[in-house]
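Engineer: Below is the structure I would like to discuss, written out as structure tokens.
The values are calculated or read from the model by the stated rules, or taken from the named source; none is laboratory data. The shown structure was predicted, so the numbers you read here are calculated from the model rather than taken from an experiment. For neighbour counting, all protein chains shown are included, and Cβ atoms are generated from backbone atoms with ideal geometry for every residue, glycine included.
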Amino acid sequence: MNLSYAYVEKNKWHLVEIATVLLMGISKIVVGDLLNSKFYFIITGLILVILFITLRGILKPSLLSQWGFTRMNFFSSLTVVGPATIISITSFIFYGLIRGNPLINTNFFIVLILYPFWGVIQQYLIAVLMAGNLNRITRGVMTRTTIVISVAFFFALIHFPELPLVVASFFLGIITVSSFLRFGNIWTIGIFHGWFATFLYYFVLNNDPLMDIMIYF
């Protein structure tokens, strides 16, 4: 891969988007974890990402379908995401029931509905902007398998040092990035991300993520 001026000029948007995702990952660790300000990180991230999608979509409408905001391949992607959803959620439920301490409350159902929206945002960052762009600018240099593992590792790393969350995030990244690079649909992987995370938090980690946000009110 030749990092010449022509190459950088041709792929400048892709490179900027990848760098932005890396920066947001670092911001998550610094602001969300070290400074214990997850709420501010989430709200700021949501606003910035939604603004970026909206503005870029207005300037170049074809990007929206390229980014996976389409019905195309929705059902085809379920061949990957569907079994992963069933297996992971069933495993989380069994684990929680066997341990005897699943955290089931009203917040669980609220998060189950809302988390997929946050899941779409996160998958837009890691699967679309990071993996999708890497796939475009490194053709013939990085295989899809290498991209999938690299992006999944990055996604797992930003959840350090909670080991169960790191392992789960790596598995989640493998499934979602593989699905997006193959089918190009963001809706299924965003929903999967939301449900995967919800059942993981409440049945395995015994943690209520909504309470982490409510403490700011």
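Engineer: Among the numbered conditions (1) buried (at least 24 other Cβ atoms within 10 Å of the Cβ); (2) under 21 Å from GLY32 (Cα atoms), tell me where PHE153 comes up short.
Structural biologist: PHE153 satisfies all of (1) buried (at least 24 other Cβ atoms within 10 Å of the Cβ); (2) under 21 Å from GLY32 (Cα atoms) except (1).
Engineer: Go through the stretch 162-214 and report how many residues are modelled with pLDDT of 95 or more and among the charged types (D, E, K, R).
Structural biologist: Total satisfying the criteria: 1.
Engineer: Name the pairs whose Cβ atoms lie under 7 Å apart, with the first residue in the stretch 123-140 and in contact (Cβ under 8 Å) with a residue 60 or more places away in the chain, the second aromatic (Phe, Trp, Tyr) and part of a helix (DSSP H, G or I), and 6 or more positions between them or separate chains?
Structural biologist: ILE126/PHE155; ALA127/PHE180; VAL128/PHE180; GLY132/PHE180
Engineer: Taking only the stretch 59-112 into account, find how many residues are among the β-branched types (Val, Ile, Thr), out of contact with any helix residue (DSSP H, G or I) (no Cβ under 8 Å at 6 or more places or on another chain) and more than 21 Å from GLY132 (Cα to Cα).
Structural biologist: So the answer is 5.
Engineer: Here are some residues: ILE53, ILE42. Which one is among the β-branched types (Val, Ile, Thr), over 16 Å from ASP212 (Cα atoms) and part of a helix (DSSP H, G or I)?
Structural biologist: On inspection, the qualifying residue turns out to be ILE53.
Engineer: Consider only pairs whose beta carbons are under 6 Å apart and that are at least six residues apart or on different chains; among these, list those whose first residue lies in the stretch 176-187 and is of a type outside the set (Ser, Thr, Tyr) and whose second residue is surrounded by 24 or more Cβ atoms within 10 Å (Cβ to Cβ) and at pLDDT below 95.
Structural biologist: none
Engineer: Please enumerate the residues belonging to the stretch 173-209 that are of a type in the set (A, V, I, L, M), assigned to a helix (DSSP H, G or I) and over 22 Å from LEU125 (Cα atoms).
Structural biologist: Of everything in the stretch 173-209, just one residue is of a type in the set (A, V, I, L, M), assigned to a helix (DSSP H, G or I) and over 22 Å from LEU125 (Cα atoms), namely VAL204.
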